[in-house]
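The structure under discussion appears below in the form of C-alpha cells.
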Amino acid sequence: MARPSRADTGTGAWRREPSTVVRRTGVVPERASGEQVIRAESEVSGVPLEWERHSHPMHELVWVRGGTLTSRVGDRLFTVSDGSGLWIPAGAGHAGRLTANIAFHDAFFAPEHTRVVFDGPTAIAMTPVLESLLMHLARTDLPEAARVRAEAVVFDVLEPSERQLALQVPGDARIDVIATALLADPADDRALDGWARTLGISERTITRAFRRTTGLSFVQWRQALRVHTALTLLAEGHDVQATSDRLGYAQPSTFIEAFRRVMGATPGAYSGVPE
C-alpha cells in the first residue's frame, strides 16, 4: 500500500481524498429570536467534506445518517456513525471529516441556557425521540411556545451513549511521529522493534510512552485506530475483505476478531454485507 504524501493528509489527522471539499471553519447559525436555545440544521453533500480546526461560542451536537463522521476534538479522535452523536463543548477546538452522500445534522445550544453538563466531548445516544425533536426544532416556522416545549424535552432525553468510541492521541514528543504516521496510514505494519530503530529509542520507552499517554499498548492503540478507520471504510461501501486488505490485515478473520473485540459486534453488522 502506498504511503500518503503530506498533501494527502488532512489537518484532522486522516487521509484526504482528492474530491474532498475543505471548509476553513464551521458556521454557527444565527438565532431566530433572543429566547431560542437550540438551533438545528442539516445537509447532504455528494462529496467528502472536511472542516479544518475551529471552535464555536455555542455547544454543538453533531450526528449523521448513512455514513460516518470522524472528528478530532483536542487530543481525542471520535468516530460517529448511525445511532450516535458527538457533543462538542463551546470553545473546544475541533476538526472533522464527513464521508460523501450522507445526511449530516448538527444542533447548537446556547451555553447560558443549557441545563445539561458533560465532562468534555461526549458520545451521545441519538435515540429516535431525541433525533425527532431536533429535526422538529430545525423548522423555521415553529411557534415560540412549541419551540420552548420541545427544547425542554430535548434536555430530558439528552444522554451519553453507552459506548464512548474515543481514541486518545499520545501528545508525547518521543512517539508523536508514530501516531502521526499511523493516523495518516493505519495499515502501516511496522512493529515495535522497527519503530525503536527508526527513532533511536528503546522498545520499552515507546511502550511506556503509549501506556502513560493513552492507557493502551502500542499494538492496542494501532488496533483501535484501525477500527475507527474501518467504520469509515465500511460506511463508504467497502466490503469486509476490501476493508481488511486496506487496513493491512493478512486475513479477514483476523480483522473481524479485532473489530469484534473493540466494537462488540462484527464488521458485517456495520456494513450489512456478510463476512
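For this structure, a couple of remarks:
- Residues being at pLDDT 90 or above, closer than 16 Å to S81 by Cα and either not in a strand (DSSP E or B) or not β-branched (V, I, T) (or both) - total across the stretch 51-66: 2
- Long-range neighbours under 6 Å by Cβ, at least six apart or interchain, first residue under 15 Å from P89 (Cβ atoms) within the stretch 37-59, second hydroxyl-bearing (S, T, Y) and at pLDDT 90 or above: H59/T114
- Single match in T122, T127 (criterion: closer than 23 Å to T68 by Cα, outside the structural domain of L234 (by TED's automatic domain parsing) and surrounded by 20 or more Cβ atoms within 10 Å (Cβ to Cβ)): T122
- Of all the criteria given as (1) surrounded by 13 or more Cβ atoms within 10 Å (Cβ to Cβ); (2) in the same structural domain as W87 (by TED's automatic domain parsing); (3) acidic (D, E); (4) under 24 Å from T79 (Cα atoms), the one not satisfied by E151 is (4).
- Extreme residue, surrounded by the fewest Cβ atoms within 10 Å (Cβ to Cβ), among residues of the stretch 26-50 that are in a loop (DSSP other than H, G, I, E, B) and modelled with pLDDT of 70 or more: G46
- Of all residues making up the stretch 67-91, the number that are in a loop (DSSP other than H, G, I, E, B) and in contact with a Gly (Cβ under 6 Å, 6 or more places away or on another chain): 1
- Subset of the stretch 210-267 [aromatic (F, W, Y) and either touching a Gly at 6+ places or on another chain (Cβ under 7 Å) or more than 28 Å from N101 (Cα to Cα) (or both)]: F210, F218, W221
The values are calculated or read from the model by the stated rules, or taken from the named source; none is laboratory data. Only a predicted model underlies this, so the values are computations on that prediction, with no experimental measurement involved. Every residue, glycine as well, gets a Cβ built from its backbone with ideal geometry; the counts of neighbours run over all protein chains shown.
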